[in-house]
Amino acid sequence: MTENQDREAIPPRAGAGDTPDTSVVRLGVGVARLYAAAWRRAAGWSFGIARQALGVADARAREATSRPSPRGDHGRSRGAEPGSSLRERGAELLRQSADVRIADDTHPAYERILDDLAPDEGRILRLLATAGPQPAVDVRTARPLKIGSRLVAASLSMIAEQAGCRRRDRTHAYLNNLNRLGLIWFSRERLEDPRRYQVLEAQPDVVGAIRQAGRATTVRRSIHLTPFGEDFCELCLPLDGAATSGRL
């Protein structure tokens, strides 16, 4: 506080000639000046503290912006340029779709799907692509009107045997993975030829599931390639007789 401010803050003393009313007025003016000086000091301190805090916040914001992301390149999907946004990548995708000079004969996911397939799963895909949909059955406990019926075994089939799989004990894992990849689907529809189901229901695993349930019934289903799976098999698997008679 300056000397002039100190003088303004000190209320003047009442003079000898002042009346009581005049003294009260002078005293009130002095008190008001004192409060005003105190308010200016407090406001100055608050403003300084606020500026300091904002300066620290700005510095921390600049530091956080310049610091590299802890995820590194793993935070971006494959093929994304540094600093590119999802919207920019989407715009580039649409631009490529309108460019007739860009060849897109295969789906970009096919290469990754091939890395996610076991050799036996390739055999199953080849069977579905060349022989068509395959029969499958669910075994359920028999109950009147099917109320309270319990599933004993699901999606039993002869796909592993007919495809020549080496690990037939992994058939369910194979089918689940193919379904996860969008290559096959489990249909509730039955195939037209009932004889195919009769052969399947005589297989040891189906008979064993029926005996385990005591009183049981079979629900006839089917396993198909999806349209995506059909395209994948056509482009990625050798389906002609000469090629499939070899190692696959």
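Every residue, every condition in (1) under 23 Å from Leu239 (Cα atoms); (2) of a type in the set (A, V, I, L, M); (3) more than 33 Å from the chain's Cα centre (by Cα); (4) open to solvent by 40 Å² or more (accessible area, probe 1.4 Å), yes or no:
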site: Ile124; (1), (2), (3), (4): yes, yes, no, no
site: Ala131; (1), (2), (3), (4): yes, yes, yes, yes
site: Pro144; (1), (2), (3), (4): no, no, yes, yes
site: Gly148; (1), (2), (3), (4): no, no, yes, yes
site: Ser157; (1), (2), (3), (4): yes, no, no, no
site: Gln162; (1), (2), (3), (4): yes, no, yes, yes
site: Asp169; (1), (2), (3), (4): no, no, no, yes
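Take Ala173 and tell me if it is of a type in the set (A, V, I, L, M), free of Cβ contacts under 8 Å to residues at least 12 places away in the same chain and under 25 Å from Leu239 (Cα atoms). When the stated conditions are applied, Ala173 passes them. Condition first: modelled with pLDDT under 95, surrounded by 15 or more Cβ atoms within 10 Å (Cβ to Cβ), within 30 Å of Glu111 (Cβ to Cβ) and not aromatic (Phe, Trp, Tyr). Can you find one or more residues in segment 200-210 that meet it? Checked segment 200-210: no residue is modelled with pLDDT under 95, surrounded by 15 or more Cβ atoms within 10 Å (Cβ to Cβ), within 30 Å of Glu111 (Cβ to Cβ) and not aromatic (Phe, Trp, Tyr). Pairing residues of segment 214-233 that are closer than 23 Å to Val199 by Cβ with residues that are among the basic types (Lys, Arg), at Cβ distances under 8 Å and at least 6 apart in sequence or on separate chains, gives Ala216/Arg140; Thr217/Arg140; Thr218/Arg140; Val219/Arg140; Arg220/Arg190; Arg221/Arg188; Arg221/Arg190; Ser222/Arg190.
Hey, can you tell me all the residues within segment 175-199 that are open to solvent by less than 50 Å² (accessible area, probe 1.4 Å) and of a type in the set (A, V, I, L, M)? Passing the criteria: Leu175, Leu178, Leu181, Leu183, Ile184, Leu191.
Among the residues of segment 87-113, the ones that are modelled with pLDDT under 75, under 29 Å from Leu237 (Cβ atoms) and of a type outside the set (D, E, K, R) come to 7 in all.
Of all the criteria given as (1) of a type in the set (A, V, I, L, M, F, W, C); (2) surrounded by 15 or more Cβ atoms within 10 Å (Cβ to Cβ); (3) in contact with a Ser or Thr (Cβ under 8 Å, 6 or more places away or on another chain), the one not satisfied by Leu239 is (2).
The values are calculated or read from the model by the stated rules, or taken from the named source; none is laboratory data. What you see is a predicted model, and the numbers here were worked out from it, not measured in a lab. When we count neighbours, we look across all protein chains shown, and the Cβ atoms used for this are built from the backbone with ideal geometry, even at glycine. The accessibility values were calculated without ligands, DNA or RNA, using every heavy atom of the protein model including side chains. Shrake-Rupley method; radii C 1.70, N 1.55, O 1.52, S 1.80 Å.
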